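The values are calculated or read from the model by the stated rules, or taken from the named source; none is laboratory data. Remember, it's a predicted structure, so these values are computed and weren't measured experimentally. When we count neighbours, we look across all protein chains shown, and the Cβ atoms used for this are built from the backbone with ideal geometry, even at glycine. Just the protein is used for accessible areas: all its heavy atoms, side chains included, with ligands, DNA and RNA removed. Shrake-Rupley method; radii C 1.70, N 1.55, O 1.52, S 1.80 Å.
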Amino acid sequence: MSLLARRLFGVVPTLLGVVVVTFVLTRLLPGDPAAFFANSPTADAATIAAIRQKLGLDLPLWQQFLLYLGALLRGDLGQSIVTGQPVAADLLRLLPASAELTLAAFAMAVLVAVPLGMAAALRRGSLPDHLCRLLGTAGVSLPTFVSGLLLIHLFYYRFGIAPEPIGRIDPFAIPPPAMTGFFLADTLLAGDLRGFAAAARQIVLPAVTMALFAIAPLARVTRASMLGVLGSDFIRAARANGLRRRKIVLSYALRNALLPIVTTLGMIFSGMLGANVLVERVFAWPGVGSYALDALVGLDYAPVQGFVLVMAGLFIGVNLLVDLACAAIDPRARLLSDA
Amino acid sequence: MGLAGGMAGAPMRWAQAQTRAESLRVLSEAGPNSFDPSGIGVNRNAIQLHWNTYDRLLRFGTRAGPDGTLSYDYSTIEGELAERFEVSGDRTAITLHLRRDATFHDGSPVTAADVKWSLDRMVGMPIGRAQFATGSMTDPAQFVVLDAHTIRVTTPRPDRFTLPNLAAAHPVIFNARLARAHATPDDPWASDWLRTNVAGGGAFRLDHHVPGQSLTLSRFDGWKSGALPGFRRVLWQVVPNAQSRRASLERGDADIAQDLPPQDAVSMAREGRAKVAGVPMAGTFQFIGMNSTRPPFDNVLVRQAVAWALPYRQMFEAALFGRGQPLFGGRPGEADGLQFPQPLGYDTDPAKAKALLAAAGLADGFDTTFSFELSLAPVAEPVALLVQEALGVIGIRVTIDKVPGGQLGTLLEKKAVPFFFEASTAYFAAPDYFFRIFYHGPTRWNFGGYDNAEFGALVQKTRFETDDAAYEADVRRMIALAKRDVPIILLWQPALDTGMRADIGGYKYQFHRQLELRTLKRA
Amino acid sequence: MGSPLNLAAVAMLAVLLGCAAAGPWLVSHDPIATNTAMALRPPSAAHWFGTDQLGRDVFSRVVAAARLDLAIAFAAVSLSLVPGAVLGAAMGYFRGRLDAIGGRATDVLMAFPLFVLAMAMVAALGNSVSSVVCATAVINLPFYIRLARAEAAIRRDLGYIEAARAGGSSHARILRVFVLPNIMPALVVQASVNLGWAVLNTAGLSFIGLGVRAPAPEWGIMVAEGAQFVLSGRWWIAGFPGLALMLAVLCFNLLGDALRDVADPRARV
């Protein structure tokens, strides 16, 4: 447990570094928010000065930073000008949407990639092996915005199979009572199967778009790891002992191949969480990614800072989870991560 | 469905088929970031919300365009919350008589005290004051309550823009009692509360708002300032991607798609799966600016050379697909009517451009950078490429710089960009108002940094000119100067393209370019 | 290396490099010359891939874009590979305070949502190709540092390096002669996979309007701009550059895979 405590303590300087870098980066943006927000043709220099003062941008940088830091310590992430809401409230509202999409895509990728990688390892060098590699790699070779637009064009506009690629639920439906913020979970908790089906239909296309990107690396690691284990002595021994192939593959080989797979899973999950900006934009998915993008383009500092901080916290949390999972799978890993 | 319906909790509910007919679903590029017209950094989508949920004292009249599309009429002003109004003989006082039966959404009557508080609030906040100052209203003492239903607005001298200012988007009438309950000593005008709450009595009430995603409005059946709107319910959703908005409309899932790119407007109108209302935006114009405070564009010959070199027709077709009103061609050198913007009289003539450049002592051309803002890229980028190519012919070497949103405003404020594409809007159609904002003064809105003593004097003189003949002569002179000195090259007034299903009627174009929900109905 | 896919990937790489080297001589039209009279024409004998909004030949632009896209990818990857290798190797070799500080800095960098970081950097540095290259290099840097550090840390206590140290070689010389060359294979494998990723990152930035300046042809920006014409039936403006982009990334990814199979002993079983 002391390892966990040390890891948690070690997070503090990393987060502080993130806070400083983000603050500096937003201030480096060559635009004056006061001039941007005084967007009425009747606004003159005095109006702009008044706005600058109201936004606290007339203070010296170090003072702005200290004020920001003080507010952070009180749990206040500031106020967004673009949405007119407190940043913390915005993120709290939008984060479940992003997380649900990422988790759905992640689940899809794992369900497809792990069996695919295992199959490729078991039939190494065969046509299915090459085919799986080609298709997997092709999935990573399209920018997500292109594959997203392509899917929308085919499945919504041309064939009309998929629902309208706008948001998380049918526009005339009322969202389920918020318990987890995940519509898939909330509809089930409310016992609303029809609502669940609608939310599931809505999430399929964006999740597939994101999953396409994760399948190839995951399948690859699974295949390589399985190959390593399948060639090892104890599997040969198990084979020689006449154990059934199915049992060998599932209970012995897969479990021993799990460590690198879990490590890769963690990296991929973090990557997806950070990379869903474009998918959210294409599918009008109300998540934190497109929120941060709007804020960045709109010179709205507080949301950008808040978003980066929350994301950094999530990444660190995911890494911690991965380390714990690795330790649970293989006690030796604890030594490794301690080194 | 017994399964879902019978369970505890509140399962998802769908609007019934008959209410779908009375509901309108609107998709737009962005949503409002504030409900307060005088707030800081309020975007233009906010107007769509407060325009339809608040009433103003006055409003502009209505006229039909050549294709039958309704539009606002700047030349007539009628009452909204004020059932009638009188202007005094010396034109320095306006007496407004409020409707006696009008109420706010919470049922409380609209009184002169509410109006007084709302107008005082305008001049008490920076953005509001800057706007009202264009109509000579700067001091609360100018708004006098005569009785519970009568209020008088006085101005130090006659001002043509006082009435239009009262009909514009900003001066909404708040439910003062409700708003004041949320005021604090630090925030006497309740701007924190009014940013996220509606305290009005307009034709629609706001039921639900998910910032950045959707708004649900319902009709206020007690509305007295006009005929009841045709829709009981409006669902307004934010869909940033124009292609998604179009797809959704063409598949019949949405009723109205706003802010269509020109090429989509053209192909949608051709394919006929939805209809497109395209109204050239009066007051809105796109232009090429040249910074006349610095070389080489401080030389009028250089600016004229550029104006003669541009491939206007190609730009109009390739960038705008012909969706708009050209501001090129026309009568050179002198005014053609009193309206402005009007065509500046320039056309494509590379030989003339080359000669002018040589006369300016720059026969070998020069290097410059052409900037435009990211959000305008669909139109600005083709324009920029054609400008680059055409100016290359006369020896001006152009680098194209696409500037992320927000940054260009700062650069323009500092007059730090030499050559650029921009767009802007004047709410009031009077030519002197246009010149005062876009051709005069130290602000960024004087995009060309135009500074001409004669022009400046005329801008001041026309401000309060009461003699029509003198006003006309002065405006003609200003138009001639604007044509000669071209600090900005007006290109065109783009069309505001709104796609809608065939059964949607009553569309009306408003000066603020946002959707007028009150007149819409399903046939 | 002998798999048919790998051979196909090598052939594709040859075509790409050929386009990048000789592109301007291979094409029928000037890739940046406009001709608005011929705008938005579908593919034909004169214009194999059709024309765009300004009447520019899409085929010529797709071929000419190979040079810029490959240049961005190679520049970005080498800009993160070289400093990453040196820094990481030094950290792994010296350990101590350098390692602690460097490790903390990479932790901070890796905690960022990378695409948003890249966006912010391009917006702050100015909207140009060099900013895109810098941003892509910076967000890749921590991965190279970590890899180089791990590889160097394994080797620092190996016999031949201890022997060199005992023989009086300076640290700089040991790093240059013994450590860096030995950790390079692992880094090169990482780099080859990263090439494709750099192309995608550039395209993603183009989609939100950041990066390459007009009129230079670049696949990502052509796809992003062409995408708005798809619903009006002009699929070719985005379709062909999209295909080129996909093939290029596919080729880099397959090559990276193949190299990894060679370098990674586990996959060679």
Next on the checklist: Using a 7 Å offset from Cα along Cα-Cβ at B:T466, what residues in region B:124-150 end up with backbone N under 18 Å from the label point?
Outcome noted: B:135-137
Next on the checklist: Using amide H atoms built in the peptide plane, which far-off residues or other-chain residues are under 5 Å from B:T103 H to H?
Outcome noted: B:V110, B:K224
Item to check | Centre separation in Å (Cα based) which lies between region B:334-400 and region B:401-477 | outcome: 19 Å
Checklist outcome for this item: Computed over the protein assembly as shown, the Cα gyration tensor eigenvalues, each multiplied by 5 and square-rooted, give semi-axes in Å (largest first) of 55, 35, 29
Checklist entry - Can you list the HN-Hα couplings for region C:59-74, worked out from phi with the Karplus curve (6.51, -1.76, 1.60; θ = phi - 60°), rounded to whole Hz and with x for Gly and Pro? => result 4, 4, 5, 4, 5, 5, 5, 3, 4, 5, 4, 5, 4, 4, 4, 5
Item to check | Centre separation in Å (Cα based) which lies between region A:270-331 and region A:45-62 | outcome: 31 Å
Checklist entry - Separation between the B:D186 and A:L4 pseudo-spin-labels, each 7 Å from Cα along Cα→Cβ, expressed in nm? => result 4.0 nm
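Add -39500 (n - 2.57) for each DSSP H run of 4 or more in chain B, then divide by its residues: what number comes out at 222 nm, to the nearest 500 deg cm²/dmol?
Result for chain B, helices only: -9000 deg cm²/dmol.
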Next on the checklist: Cut-off 16 Å, label point 7 angstrom out along Cα-to-Cβ of C:I154: give me the residues of region A:214-257 whose amide nitrogen falls inside.
Outcome noted: A:225, A:228
Checklist outcome for this item: Percent antiparallel among DSSP beta bridges confined to the protein assembly as shown, rounded to 5, stands at 75 percent
Item to check | Per-residue average of Cβ from other chains inside 10 Å of A:179-191 | outcome: 2
Checklist entry - Expressed as a whole number of Å, what is the distance separating the alpha-carbon centroids of region B:173-242 and region B:268-298? => result 31 Å
Next on the checklist: Rounding to the nearest 10 and keeping the result within 0 to 90°, find how far the Cα-based axis of helix A:2-28 lies from the longest principal axis of chain A.
Outcome noted: 40 degrees
Item to check | Using θ = phi - 60° and Karplus 6.51 cos²θ - 1.76 cosθ + 1.60, couplings along region B:271-281 (whole Hz; Gly, Pro as x) | outcome: 6, x, 7, 8, 9, 10, 9, x, 10, x, 6
Checklist outcome for this item: Once phi for every residue in region A:221-231 is put through the Karplus expression 6.51 cos²θ - 1.76 cosθ + 1.60 (θ = phi - 60°), the whole-Hz ³J(HN,Hα) values, with Gly and Pro written as x, are 5, 4, 4, 5, 5, 5, 4, x, 6, 4, x
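Kindly report the accessible area of chain B per residue (heavy atoms of protein chains, probe 1.4 Å, no ligands, DNA or RNA), in Å². Intermediate values should be presented prior to the final figure.
On the way: 18290 Å² over 523 residues.
About 35 Å² of surface per residue is accessible.
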Checklist outcome for this item: Ordered by number, the residues of region B:105-142 with at least 50 Å² less accessible area in the assembly than alone (1.4 Å probe) are B:I127
Checklist outcome for this item: Interface A-C: total buried accessible area (1.4 Å probe, Å², nearest 100) of 3900 Å²
Next on the checklist: Using only the alpha-carbon atoms, how far is helix B:300-309 inclined from the longest principal axis of chain B? Give it as 0 to 90 degrees, nearest 10.
Outcome noted: 80 degrees
Checklist entry - In region B:406-427, which residues have a backbone nitrogen under 13 Å from the label point lying 7 Å from A:L57's Cα in the Cα-to-Cβ direction? => result B:406-414
Checklist outcome for this item: Label model pair C:S170, B:A351: point-to-point distance (7 angstrom along the Cα→beta-carbon line) in nm is 7.2 nm
Checklist entry - Plugging the Kirkwood radius over Cα pairs into Stokes-Einstein for chain A, at a temperature of 25 °C and a viscosity of 0.890 mPa s, what D comes out in µm²/s? => result 106 µm²/s
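Roughly how many percent of the accessible protein surface of region C:195-269 is carbon and sulfur, given a 1.4 Å probe and a whole-percent answer?
On the way: 1440 of 2150 Å².
Roughly 67 percent, rounded to a whole number.
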Checklist outcome for this item: Violations at 25 Å Cα threshold for listed pairs A:K54/B:K414; B:K275/B:K521; B:K116/B:K521 -> B:K116/B:K521
Checklist entry - Hey, what angle do you get for helix B:350-359 against the long axis of chain B, alpha-carbon based, 0 to 90 degrees rounded to 10? => result 70 degrees
Next on the checklist: For a quick check of understanding: with a 1.4 angstrom probe and all protein chains in place, what accessible area in square angstrom does C:I161 have, to the nearest ten?
Outcome noted: 0 Å²
Checklist entry - Just how large is the dipole of chain B about the Cα centre, in debye to the nearest 20, putting +1 at every Lys and Arg Cβ and -1 at every Asp and Glu Cβ? => result 900 debye
Checklist outcome for this item: The percentage of the accessible area of region A:128-237 (probe 1.4 Å, all protein chains present) made up of carbon and sulfur atoms, to the nearest whole number, is 75 percent
Item to check | Dipole-positive endmost among A:L67, B:F35, B:F370 within the protein assembly as shown (Cβ charges, Cα centre) | outcome: A:L67
Checklist entry - When only C-alpha pairs under 8 Å and at least 6 residues apart count, what is the relative contact order of chain B, in percent? => result 19 percent
Checklist outcome for this item: In nm², the average projected area of the convex hull spanned by the Cα atoms of region C:196-262 is 4.8 nm²
Checklist outcome for this item: Listed by chain and number, the residues whose amide H is under 5 Å from that of B:L98, excluding neighbours fewer than 5 places away on the same chain and using placed H, are B:E83, B:T150, B:I151
